1. Quick one: would you say residue 186 is modelled with pLDDT of 95 or more, touching a helix residue (DSSP H, G or I) at 6+ places or on another chain (Cβ under 9 Å) and over 23 Å from residue 263 (Cβ atoms)?
2. Among residues belonging to segment 230-264 that are in contact (Cβ under 8 Å) with a residue 24 or more places away in the chain and under 24 Å from residue 124 (Cα atoms), point out the one that is surrounded by the fewest Cβ atoms within 10 Å (Cβ to Cβ).
3. Residue 93 fails exactly one of the following numbered conditions: (1) touching a strand residue (DSSP E or B) at 6+ places or on another chain (Cβ under 8 Å); (2) buried (at least 20 other Cβ atoms within 10 Å of the Cβ); (3) part of a helix (DSSP H, G or I). What is the number of that condition?
4. Given the criterion modelled with pLDDT of 85 or more and closer than 29 Å to residue 127 by Cβ, identify the matching residue among 92, 56, 96, 101.
5. Of these, 56, 31, 41, which one is surrounded by 15 or more Cβ atoms within 10 Å (Cβ to Cβ) and not in a helix (DSSP H, G or I)?
6. Show me the helices (runs of 4 or more DSSP H) found entirely inside segment 217-311 where at least 1 residues are modelled with pLDDT under 95 and within 26 Å of residue 28 (Cα to Cα).
7. Just to be sure I understand, how many residues within segment 200-216 are in contact with a helix residue (DSSP H, G or I) (Cβ under 7 Å, 6 or more places away or on another chain) and not in a loop (DSSP other than H, G, I, E, B)?
8. Just to verify a result, which residue in segment 279-308, among those that are closer than 21 Å to residue 164 by Cβ and within 16 Å of the chain's Cα centre (by Cα), is surrounded by the most Cβ atoms within 10 Å (Cβ to Cβ)?
């Protein structure tokens, strides 16, 4: 069987604790099916909606002197890792026990190293938080509340820098847990973005790493066989929503890259998934990436659904 890194989108989780517990329970069913197939599993997840809400809520509280100071983005990322991981590990553990499976589940607060000179810091582009109308986004920008951009036809959202992941500080800890047969939740929200400091330690930076790129980095570093990117569609399409729409069952990295360069995939939606898949399959021979819907994850692993990306 395979070692799999499975990446859940932040929008597949909830906007409130109750909603998120519900969504986590749904995700747990799909993830447990992979474990039932005999696979080793590392789970990662997005946090774009959640970290944006945490940051906004706490900083509004600071502005009203409810709390003593604003909370920086790295700390907000750590908070989102903690509470999303808490919901996922509990939901998955409950599902595993209901199915008579004995694996333990552990959420790991994870730091992801980025380059302080990454050009993304000069061009914020990662959407976080809630969706707004164009009028409201323009009002917020005029009030000095950062930069807002339109997000794949779904509305306007605040954007922050999204540097590329270089390394994962806790990669050896993930490997140690896997050797013990433990299901690991790691690199939540793309990980807490950090840069190396002169004393050999790390320092957080104000950014949100794309969870698909972080998942590809994690999958490479823990020697995964498969990267499973879970989304809202059964397969990747070209000419999406236009005449000639075509589902892709299999695609090579070169073909996927060509489609991406043609503008076939939305920047805030499918494009990072394709780029991450290409990066992973090229990192070592015989690696495979699968992009599929959450509810068909196990089916996709056996070839019955999803888009398979190979080198």
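The values are calculated or read from the model by the stated rules, or taken from the named source; none is laboratory data. Fair warning: this is a prediction, and the values are worked out from it, not measured in the lab. Virtual Cβ from ideal backbone geometry, glycine too; neighbours counted across all protein chains shown.
1. Answer is yes for this residue.
2. Applying the filter and picking the extreme gives 264.
3. Going through the list (1) touching a strand residue (DSSP E or B) at 6+ places or on another chain (Cβ under 8 Å); (2) buried (at least 20 other Cβ atoms within 10 Å of the Cβ); (3) part of a helix (DSSP H, G or I), residue 93 breaks only (2).
4. The match here is 92.
5. The conditions single out 41.
6. Counting at least 1 such residues, we get 271-281, 297-301.
7. 7
8. The residue in question is 289.
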